[in-house]
Each structure stands twice: as C-alpha cells, then as structure tokens.
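Taking it in order: structure first as structure tokens, then the write-up.
The values are calculated or read from the model by the stated rules, or taken from the named source; none is laboratory data. From a predicted model like this one, the values you see are computed outputs, not experimental measurements. Cβ atoms come from the backbone with ideal geometry, glycine included; neighbour counts cover every protein chain shown.
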Amino acid sequence: MAFQPIRPTTTHGLTPAELEKQRIAAVHNQDERTAIAEELRYRKGLRNIWDLIAPAAFEVQSNYVRVGSAYARTLFVVGYPRYLSVGWFAAIINYSATFDIALHFSPMPAQFILKQLKDKVGRLEAEIAMGEEKGKARDPMAQTAIADVEKLRDDLTQGTEHFFSVGMYMTLYGSSLDELNKLTEDMEGLYASKLVYTKRVLYQAEQGFNSTIPVGADELQIPFNMNTSPAAASFPFVSSDLTSDTGIMYGVNRHNNSLIIFDRFSMPNANSVVFATSGAGKSYAIKLEVLRSMMVGTDVIVIDPEREYQHLCEAVGGTYINISLSSTARINPFDLPRPVGDSVSTADIIRSAVITLKGLFRLMLGVFTPQEDSIVDRALIETYAKKDITADTDLRKGVEPPTMSDFQDILEGMEGGATLVEKLKKYTEGTFSGLLNKPTNVDMKNQLVVFSVRDLEDELRPMAIYAVVNYIWNVVRSELKKRILVIDEAWWLMQHEDSAKFIYALAKRCRKYYLGLTTITQDVNDFLGSQYGQAILTNSSIQLLLKQSPASIDLIQKTFLLTEGEKYLLLESAPGEGIFFAGQKHAAIKVVASYAEDQLITTDPRQLLEIEAAKEEFAEEKGLS
C-alpha cells in the first residue's frame, strides 16, 4: 500500500515524533497504521543528496554567513567600464583562492530595448541642445554616449547584437573572519584593476549564498544590462589554445598562460605579416623566431635595413652580406635560376626574368612609355641572347649571365633607346655604378644569411632590395629546401607599384618552393593602403599585431575585424605584447625569451653597450692571462 500522508488538524507544539504518532492514530484501519509505521521507520534510515551536501550548521549574519566551520561572503558587480576586453575575467577565475561564481543571464526583448534606447537618445540630444543654447562648453561624455547608443541600436536592429540582464555574483570562503576580510579586499582590488566595481551584500547574505550555489536561482536580483559583446567577454571559461605538437614557441598565451607553439609550415601557406609601431618589439619577436626556427633545421634569409640582425648572425655563425656602393659584395640582377625538374622550361625562365627586370628598370629609370617598354623588352631578350642564353639553352650546364653594361650596349644599338641609355649610365658609369653592374659574388650556402642595406642611399634602397629579393628567389627556385625569408621594413617596397607587385607574386608562389615569407612593417597605413599590401595580407596565414599607434588602429581594427577590447589591447600593449593570428584562431600573446636568447637578439641600445663592454673586458682579461 502506498503511503499517503495525512495532514493533522494542528501541529502547534508537536515534535516530529509526536506528529508521526498523530498521523498514525488518524488512520482507523490497523493494517494501514502498521504499514504507515513501517514506511516511516524505513524513511528515517534513508539519506538523500541534501543530507550529503548540507552543512552541519548555517549561521546568517548581516554581511556574511557561516557554513559549518567556514565563513562566506558574497560580492556582486555594480559597474563595468565602457569596454571589456576578451578574457578580462581570466585573472579573477585563476586567482588562488576558494570561491564560487554565478552568472545569471536573462534575455530581454529587442523591441523593448530599442524603445528605451530611442528615449535615451532623445534625452541626451535635448541636454546637448539646451547646453548649446546656454553657451555651455561641449560635453564629450554626452556625445560619446549618443554614438554608443546609436551603434547599439543599429546592431540590435540588424540582429548582430542581443540584449541581456546579467547578474554576476561571487561567494568567497575563508577559514576565519579575518581571512575572509583579507580575501574580500584582495578580490575587490582585483576587480577594480579591471575597472569593474563590486559591493558586498548587506542583510542579504543568505540570498547571496543561495544565488551562487549550483541550483540556478538568482535570489539577489541585482542585474546589469549588457549587449552580446561585453556579455561574451565576461564568460569565465576562455580557452584560446594555439598549442600544437610540432613547431616553435612564439610566446605565452596571455589568456591562460599556456604556450603558443606553432608550425607555420602546417598552414595552407607559411607566410606571415608583422605590424607594429617603432619600439614595440617586432624585430625582437622575429629574431626570436629566426633563432628557434634554425634550431629545428630551417634555413633563414633576412633583408636587414637597420643592421639589427648582425649580432645574431655573428653569434650563430651565419653569413652577413653588406650591400652598399663601397662594399665588395655584388648581386647581378640578370642572374637566372637553375630549372628544377622537367616541368619548367628555359623559355619560361627567361620570360619570367625579363618581366622581373622590367620592374627593376622602372624603379631605376622611371615610368616607361609604350614605345620604351617595347624597346626594353626586346633589348633584354637580345641581352640574354648575346651570352648564348636562349630558349634552347640548358641552364643546368652553367651559363654566364649578362650584366647591366651588356644591356646598355644592346640599347645603344637600338633605335629609340638613346634616352634610356642616358638614364642608365648613372648605374653603369656614373655615381651608382658597380652596385648592380658586376657578376654576383655572394655565397648563400649557410643556414642563416643576412643582407644588410643600411649603408645604401635612400634613392638606391628600393631597387637594391628588389634585386636582392629577386636573387634570393632565384636561389630558392634552384633548390627545394625548407626556408624562411624575412623582409624587414617592407613598406620600402610597398611605395613602388612594381616592387609591391613583385613581393605579392612572391607571396603567392613561394608555397610551391617550401618558402615562408615574413613581411615586417611599422608603416601600416602605407602597407594596407596598397592593393598589393592587402593581397599579401590575404595570402599570409599568420599575422602578428603588436602595439599600434592611434593613427593606424582604426584601419587595423577594420582589416582584422577586431573587437573594441582587442583594439584597446593593441593601443595599451607593452613591448612584445599583442595578438597572434594563425588561420581562424587568434590569441593575445607575450613574446618571452630566455636569458641566453635575449643576449643574442636584443635591440635595446643599453643592453648592446653592456654586451660590447663585457666583450672588451673579457678580451682584455684573456690578453692579460
């Protein structure tokens, strides 16, 4: 027989045992009374989940509760900053203490919110208009509020944002009241450091405790209105994991302190771009990548405009090549690659070389007329033919490429080439002679090769870098090997259409030759303002954004679809801090080097002077001994 409890007429002054006796006595049938008594006796011996988790005692005070032997106090959030960065909650949830956090989300209808926002805009505009009539100074806070409200109205109308009533509560635990007070002060300070303000419960300690236990009840009812973006930023379980089993360490994930270990050659292409202001640590980060890539067997080639890589190159036994008018190192832009396999014909190689050389000559001689373009095209083909390099030549057997002087000789014998010859003489016989008019004599048979162009005149630098990159490209196509090419201050090449087009073509084709292209620039507007700069970015699977200037941050935000929190993260980042993008994933990064690595890659002038002083002191001591 099922037990059906019978409610007594009164329970005043009765103990539970007396109440049970009264219930049994109310049943007249003896068999039923026996069954009820047996079931009550059985139920006394059962234990449910509440018996297991309930504390032995529960004491409620004005601003805390005592749960067994532990003390507990609840904090609730009452104010947020204008913008919340993604992962701001990580520092709080990773704090070494015992606490419970509850987030209560209640969706709100968009129609109601839109009406409230419309009224809000009307009041703000009325306040501004009244202030202008009275001659008051402009109120930037009111105008900013209007802009924020209008943007939120647009987002709600378009469905890209939704609105929520959010209650955020935290219950802290301590073994004593003093420990609880100290933990409360520490946590209030941690929240305040994020510009998030909290209050302690007062005369609602039990309701606060009940709101953070895992039953989903919000008994405090102290919500804060939020749209989707800041509500999502407050989600406590942030995991931006960019750790893989292979690759090199790029830095530390600032979201969760995990390591960002990544293999750029595992992406659809191995290209990367680095954007940062001067002094933000971009060269430091790339030198660290160069050093660690060499440790896993990758060859690295660097174009160094400021002689920043010399110390690293010398330390690892690399080849450092100084390209300047006074240097003995020479690169012949007429060099040709050796064909790899049977798929590439000599005719295609010559055709590609002619197109590349025409781009170089536009940098050197200026814009061509259609007639001049045709003359240069025919002259280049005849220049190669002069050295017996034609479509039938086998480049594997070794050939002697022509030089700039050979090209000038051909031009002099062609009708209409006189003007071009006069312009060309500056590079063959005049001030700039020798730089691009000699056979190549550099050696790239080393794991690290650095080309320095610091000592070149500004007028020569774009064409010299163009010639160097073309030479590197020829070497890359001649032998298939895992390589990285670093072009520092790439904005030099983005200033000219032909060189920008060449780098873009390189970015598109280098994957086939196992090459990863890294372009570094601090002039973001010039780089992204070029159609080829945008295309290079599109063809780069990895992007590293470090500290940005206010002048370029809006363009960066639009290009990379950054949130407002990520935007301000880039504006306020310390050197070596930023955002690392790898395909569809991205995470906040902090570039970290060991002491030994730091000594090799530092660009800080003070550290460099200290290192040089230590070297001199060591040399003197060694000489004295």
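Just a few scattered comments:
- Residue match in the stretch 590-597 (condition: basic (Lys, Arg) and either at pLDDT below 80 or in a helix (DSSP H, G or I) (or both)): no
- Hits in the stretch 113-144 (condition: in contact with a helix residue (DSSP H, G or I) (Cβ under 6 Å, 6 or more places away or on another chain) and either of a type in the set (Gly, Ala, Ser) or exposed (fewer than 11 other Cβ atoms within 10 Å of the Cβ) (or both)): 142
- From 52, 46, 14, residue being among the aliphatic types (A, V, I, L, M) and modelled with pLDDT of 75 or more: 52
- For residue 588, the conditions (1) under 21 Å from residue 488 (Cα atoms); (2) surrounded by 20 or more Cβ atoms within 10 Å (Cβ to Cβ); (3) in contact with a helix residue (DSSP H, G or I) (Cβ under 7 Å, 6 or more places away or on another chain) all hold with the exception of (1).
- Scanning the stretch 399-419 for residues that are closer than 21 Å to residue 467 by Cα and part of a loop (DSSP other than H, G, I, E, B) gives 399, 400, 401, 402, 403.
- Residues located in the stretch 204-250, provided they are among the aliphatic types (A, V, I, L, M) and modelled with pLDDT under 85: 226, 231, 232, 233, 238, 242
- Long-range neighbours under 8 Å by Cβ, at least six apart or interchain, first residue farther than 21 Å from residue 210 by Cβ and assigned by TED's automatic domain parsing to the domain that holds residue 201 within the stretch 166-183, second of a type in the set (Asp, Glu) and surrounded by 15 or more Cβ atoms within 10 Å (Cβ to Cβ): none
- Qualifying residue in the stretch 52-74 (condition: closer than 20 Å to residue 229 by Cα, among the hydrophobic types (A, V, I, L, M, F, W, C) and in a loop (DSSP other than H, G, I, E, B)): no
- Across the stretch 291-302, the number of residues qualifying as in contact with a Leu (Cβ under 7 Å, 6 or more places away or on another chain) and crowded, with 20+ Cβ neighbours inside 10 Å comes to 3.
Residue-by-condition table, conditions (1) in contact with an Asp or Glu (Cβ under 6 Å, 6 or more places away or on another chain); (2) of a type in the set (Gly, Ala, Ser); (3) under 29 Å from residue 458 (Cβ atoms); (4) outside any loop (DSSP other than H, G, I, E, B):
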site: 302; (1), (2), (3), (4): no, no, yes, yes
site: 308; (1), (2), (3), (4): no, no, yes, no
site: 313; (1), (2), (3), (4): no, no, yes, yes
site: 331; (1), (2), (3), (4): no, no, yes, no
site: 336; (1), (2), (3), (4): no, no, no, no
site: 350; (1), (2), (3), (4): no, no, no, yes
site: 354; (1), (2), (3), (4): no, no, yes, yes
site: 359; (1), (2), (3), (4): yes, yes, yes, yes
site: 362; (1), (2), (3), (4): yes, no, yes, yes
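- Matching entry among 460, 493 (being at pLDDT below 85 and more than 30 Å from the chain's Cα centre (by Cα)): 460
Residue by residue, here is whether (1) out of contact with any helix residue (DSSP H, G or I) (no Cβ under 9 Å at 6 or more places or on another chain); (2) under 18 Å from residue 278 (Cα atoms) holds:
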position	(1), (2)
549	no, yes
571	no, yes
596	yes, no
603	no, yes
611	no, no
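- Qualifying residues in the stretch 350-371 (those that are free of Cβ contacts under 8 Å to residues at least 12 places away in the same chain and under 17 Å from residue 401 (Cα atoms)) - the one surrounded by the most Cβ atoms within 10 Å (Cβ to Cβ): 352
Table: residues versus (1) touching a Gly at 6+ places or on another chain (Cβ under 9 Å); (2) among the aliphatic types (A, V, I, L, M).
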{"position": "167", "(1), (2)": "no, no"}
{"position": "173", "(1), (2)": "no, no"}
{"position": "178", "(1), (2)": "no, no"}
{"position": "194", "(1), (2)": "no, no"}
{"position": "201", "(1), (2)": "yes, yes"}
{"position": "205", "(1), (2)": "no, yes"}
{"position": "212", "(1), (2)": "no, no"}
{"position": "224", "(1), (2)": "yes, no"}
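- Total residues in the stretch 378-424, condition farther than 17 Å from residue 333 by Cβ, hydroxyl-bearing (Ser, Thr, Tyr) and out of contact with any helix residue (DSSP H, G or I) (no Cβ under 6 Å at 6 or more places or on another chain): 2
- Taken together, 371, 408 contain a single residue that is in the same structural domain as residue 432 (by TED's automatic domain parsing) and touching a Leu at 6+ places or on another chain (Cβ under 8 Å), which is 408.
- On inspection, residue 184 fails the criterion of being loosely packed, with under 15 Cβ neighbours inside 10 Å, of a type in the set (S, T, N, Q) and in a helix (DSSP H, G or I).
- Residue in the stretch 109-118 that is assigned by TED's automatic domain parsing to the domain that holds residue 146 and within 30 Å of residue 579 (Cα to Cα) present: no
- Test result for residue 616, among the acidic types (Asp, Glu) and either part of a strand (DSSP E or B) or closer than 26 Å to residue 305 by Cα (or both): no
- One residue alone among 569, 555 is surrounded by 15 or more Cβ atoms within 10 Å (Cβ to Cβ), assigned to a helix (DSSP H, G or I) and touching a residue at least 40 places away in the same chain (Cβ under 8 Å), and that residue is 569.
- Out of 476, 421, 453, one residue alone is modelled with pLDDT of 85 or more and surrounded by fewer than 22 Cβ atoms within 10 Å (Cβ to Cβ). It is 421.
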